[in-house]
Structures are given as structure tokens and as C-alpha cells.
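Enquirer: Below is the structure I would like to discuss, written out as C-alpha cells.
The values are calculated or read from the model by the stated rules, or taken from the named source; none is laboratory data. The structure presented is a predicted model; accordingly, all values stated were derived computationally and were not measured. We place every Cβ from the backbone using ideal geometry, glycine too, and count neighbours over all the protein chains shown. Each accessible area value is taken on the protein alone, full model and side chains, heavy atoms only, with ligands, DNA and RNA left out. Shrake-Rupley method; radii C 1.70, N 1.55, O 1.52, S 1.80 Å.
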Amino acid sequence: MKLGTKFIHAGVEPDPTTGAIMTPIYQTSTYVQEAPAQHKGYEYARSQNPTRTALEAAFAAIENGKYGLAFSSGVAATDAVIKLLKPGDEVIAGSDMYGGTYRLFSKVFEKFGIKFHYINMQDANSIRQYVNGNTKLIWIETPTNPLMNITDIAAVSAIAREAKALLCVDNTFASPYLQNPLDLGADIVMHSVTKYLGGHSDVIQGCLMMNDKTLREQLYFLQKSCGAVPGPQDCFLVLRGIKTLHVRMQRHCENGKTIAHYLRNHSKVSRVYWCGFEDHPNYEIAKKQMRDFGGMMSFTLKDDSVNTAKKVLSSTKLFALAESLGGVESLINHPASMTHASIPREERLKNGLTDSLIRLSVGIEDVDDLIEDLNQAIG
Ligand SMILES: Cc1ncc(COP(=O)(O)O)c(C=O)c1O
């Protein structure tokens, strides 16, 4: 199946009881059994729910995986992956990644004896020096949030295989429309479904996709034992969101490209971070592993002061000042005080995430209106 057909039909069958073409919202907490342990495969809705089952099949299909698991948020999905580990195990993760992932690793899991190395992953080979007998997981985000750095997934997957460690890729920024990490050798793909998969800024959800049956069983055990499952209404909304992923992403990419070039040519803009520029340090890798470059970008102003940045952030009318990304509407964000505030300032600065950095999630509105809005805000 080609991409568009897959996004519309993936994993979804007409409802077996009525033939309803759209998977119904099974709003139930439990299922009646004919006799003890005699049931239709559904016992209790933390463990199984038919709306979630349909969505999990769709998740698997859109990432070319065998299995999908849905969680109540992106961080809940990440949490399940780290719970595969035990005290003494080590993780190699990117130094430039979503602040909430860093917070979960450093503030929640470090105290349970899991060691995290945060490193620059733009050159995959630099990972090797951190690999040792305790390395059990390599965690990458590409493109990174918010600096749009690119990591070579196939190269890291070869290193993970040699180290007998798992590779998990946070594919939130790219979405399965742009990039499929399982095809490049990753063991697990993670998404904040809240973003492009949901697509309409109305759901918090996360997911994991994988090919290995044992890994699926371990993660399913954690999903039901720890209980961070999404409700059926949210699953329904995401099933609907996925059906338009390709048309939305196509427009996100077109608008993203236009706005990235507009910003780059703006006299008051200093630097634009977008992985579709031919002079982006890892453009060749991005081109190799992505189908297009998406609508996420960050920029700094020539007047590199926090106050000027804050003025721009407060002056847009169409770009809403809000955390999150990947919805149909455009958002503007100040990573230092919003999405990445949980990363200590010195750490942020070391990675190039300055106090004046502005991040855009370019939506699918008419691009001329978006440019007019940025023009009046930047001045
Ligand atoms: C790249 C990335 N990963 C993970 C997450 C966490 O997902 P959620 O907010 O759905 O828990 C986010 C949220 O912004 C994100 O941007």
C-alpha cells in the first residue's frame, strides 16, 4: 500500500457487530464473561479495549511495524520503554531533545540507578565511546526539538546492534509520513501522538511501534501493569486524525519550506534552524532518511535579546503562543521558558538553545496569511 492509502485504511476493519465503517467508541470499563475466564478476548479495559485495539493495529501499520501500543501520553510511552531497564543499566541519549524526556530521564529514572549519557548525536560515530557492557538502550530524537538537528538512524542502529542494545527513535517531529525508523533498523519507534498523528490539538496520547514479539509482550505487560492507557474517545479521535496525515503533512511541508526561506531572507532574522536547507550540517542524512522536511523550525533575531524575542512571541495573531506542535493551526513557542524550561539553563546553552530562540510549528493555513502575520510581528 502507498502512504496515503495506508493512512486511510491501516488496521481498520468495519465493526464486526454492526458493520459500522468507523470504529465505534467502546466506552466501557469491563466486559461480561459467559463463565469464569470464558470471554471474547476482552476482560477489563485497562488491558484491552476494541477502539484501542483498532488504533494499535493502525499504529503498527503506519510505521511498517508488526505491533503498536497506545499510551495516555507521549511521556507515558517513553516511561514504558525506560521501565524495560534495571538499576545499573545505561542509556545513551541525545543532549538536544524534548525537555520533558530529559526531565523524565534525569529527575525520575536516575534515582532508580539508571545512568544516562546525554551526547551530541550529529556524528553517529561519537556514540561509540559511550558504549560499554551496561549499555542497554540508545534513545534518539531526529529531527530534534527545537534545534532541528539530524541523527543518522541507520548508522546508530548498526552501533546499537553491535552493542546488543535497543534503539528507540522518537519520531514525533517527522511523523510516519516523513520517516520510518523501523525500516532503518530501529527496535522501537515512539510518538507523541498529541502532535501530528492526532493533528488537531485536541488529544494527549503516545504510542510505541515495534516488530519483535517478545519486546511487544514486555511493553504490553508494562502498559497494563502501570496503567497509562488512553480512553476510547481519544483513540477514536486519533483513528480519525491518522486518516488525513498525508494531506496535512504535505501542506505542513509546503508551508514550512516557504516560511523557512522567508525567515532566512528577513533582514531582522539572524539564524533559521530547518533541516531542509541544503547547507544544514546534516542535510544529506535528512534527505536520505526523510521524504521531505516538515513544518517545524526555530529562529533567532539579529537583535539577540530576550525582550525582543518576547515582543515577537506576543505579537503574532495567527501563530498562537502555546506549547505543543503538529496541529493544523500554527503555533509559536519560546523553548527556554516553555517546552524546554525543565532543562537547566547551562545545559540548554551548551547545546545552542539560547534564551532568545523562537520555535514555530507551521500549520496548514494559507501561507500568505502566515507570512503577513510574521511580518507584522517581527517588524
Ligand atoms: C519530541 C517530543 N517527544 C515527546 C513529547 C512528549 O509527549 P506528550 O506531551 O504527548 O506526553 C513531546 C511533547 O512535546 C515532544 O515534542
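Enquirer: Kindly provide the set of residues from the range 289-305 that are under 22 Å from Gly352 (Cα atoms) and surrounded by 15 or more Cβ atoms within 10 Å (Cβ to Cβ), ordered by number.
Expert: Applying the first criterion (under 22 Å from Gly352 (Cα atoms)) to the range 289-305 yields 293-305.
Of everything in the range 289-305, those that are under 22 Å from Gly352 (Cα atoms) and surrounded by 15 or more Cβ atoms within 10 Å (Cβ to Cβ) turn out to be Phe293, Gly294, Gly295, Met296, Met297, Ser298, Phe299, Thr300, Leu301.
Enquirer: Does the range 188-198 contain any residue that is part of a loop (DSSP other than H, G, I, E, B), open to solvent by 10 Å² or more (accessible area, probe 1.4 Å) and away from the ligand (no atom under 13 Å from the Cβ)?
Expert: The first filter runs over the range 188-198 and keeps only residues part of a loop (DSSP other than H, G, I, E, B), leaving 193-198.
Imposing the further condition that a residue be open to solvent by 10 Å² or more (accessible area, probe 1.4 Å) reduces the set to 194-195.
Restricting the remaining residues to those that are away from the ligand (no atom under 13 Å from the Cβ) gives none.
So far as the range 188-198 goes, no, none of its residues is part of a loop (DSSP other than H, G, I, E, B), open to solvent by 10 Å² or more (accessible area, probe 1.4 Å) and away from the ligand (no atom under 13 Å from the Cβ).
Enquirer: Right, here's the next one. Do you know which of the residues in the range 52-66 that are out of contact with any Leu (no Cβ under 8 Å at 6 or more places or on another chain) and open to solvent by 20 Å² or more (accessible area, probe 1.4 Å) is nearest to Cys235 (Cα to Cα)? Show your work before the answer.
Expert: Looking only at the range 52-66, we keep the residues that are out of contact with any Leu (no Cβ under 8 Å at 6 or more places or on another chain), and these are 52-53, 57, 60-61, 66.
Narrowing the set further to residues that are open to solvent by 20 Å² or more (accessible area, probe 1.4 Å) leaves 53, 57, 61, 66.
Values: Thr53: 9, Ala57: 12, Ala61: 16, Lys66: 19 Å.
For the range 52-66, the residue satisfying everything is Thr53.
Enquirer: If I ask for residues that are of a type outside the set (D, E, K, R) and either assigned to a loop (DSSP other than H, G, I, E, B) or surrounded by 24 or more Cβ atoms within 10 Å (Cβ to Cβ) (or both), which ones from the range 82-92 would you list?
Expert: Within the range 82-92, the first condition is being of a type outside the set (D, E, K, R), and the residues that meet it are 82, 84-85, 87-88, 91-92.
Residues satisfying the conditions are Leu84, Leu85, Pro87, Gly88, Val91, Ile92.
Enquirer: Could I ask something else about it? Please tell me if Ser106 is in contact (Cβ under 8 Å) with a residue 40 or more places away in the chain and of a type in the set (S, T, N, Q).
Expert: So Ser106 fails the test.
Enquirer: Being in a strand (DSSP E or B) and of a type in the set (A, V, I, L, M, F, W, C): is that true of Leu167 here?
Expert: Working: in a strand (DSSP E or B): yes; of a type in the set (A, V, I, L, M, F, W, C): yes.
When the stated conditions are applied, Leu167 passes them.
Enquirer: Consider Ala76 against the criteria (1) away from the ligand (no atom under 15 Å from the Cβ); (2) aliphatic (A, V, I, L, M); (3) part of a helix (DSSP H, G or I); (4) in contact (Cβ under 8 Å) with a residue 60 or more places away in the chain: it satisfies all of them except one. Which criterion is unmet?
Expert: (1) is the only condition that Ala76 fails.
Enquirer: Moving on to the next point. Please name all residue pairs, on different chains or six or more residues apart, with Cβ atoms under 6 Å, provided the first residue is in the range 332-358 and is more than 15 Å from Tyr102 (Cα to Cα) and the second residue is among the β-branched types (Val, Ile, Thr) and at pLDDT 90 or above.
Expert: That search, which allows pairs on different chains as well, returns Ile332/Thr316; Asp355/Val306; Ser356/Thr300; Ser356/Val306; Leu357/Thr300.
Enquirer: Still on this model: Report, by residue number, each residue of the range 1-24 that is in contact with a Lys or Arg (Cβ under 9 Å, 6 or more places away or on another chain) and free of Cβ contacts under 8 Å to residues at least 12 places away in the same chain.
Expert: His9
Enquirer: Restricting to the range 338-363, count the residues that are under 25 Å from His252 (Cβ atoms) and either out of contact with any Asp or Glu (no Cβ under 8 Å at 6 or more places or on another chain) or buried (at least 22 other Cβ atoms within 10 Å of the Cβ) (or both).
Expert: So the count comes out to 9.
Enquirer: Given (1) of a type in the set (A, V, I, L, M); (2) open to solvent by less than 40 Å² (accessible area, probe 1.4 Å); (3) over 27 Å from Val238 (Cβ atoms), where does Ala286 come up short, assuming only one miss?
Expert: Unmet for Ala286, out of (1) of a type in the set (A, V, I, L, M); (2) open to solvent by less than 40 Å² (accessible area, probe 1.4 Å); (3) over 27 Å from Val238 (Cβ atoms): (3).
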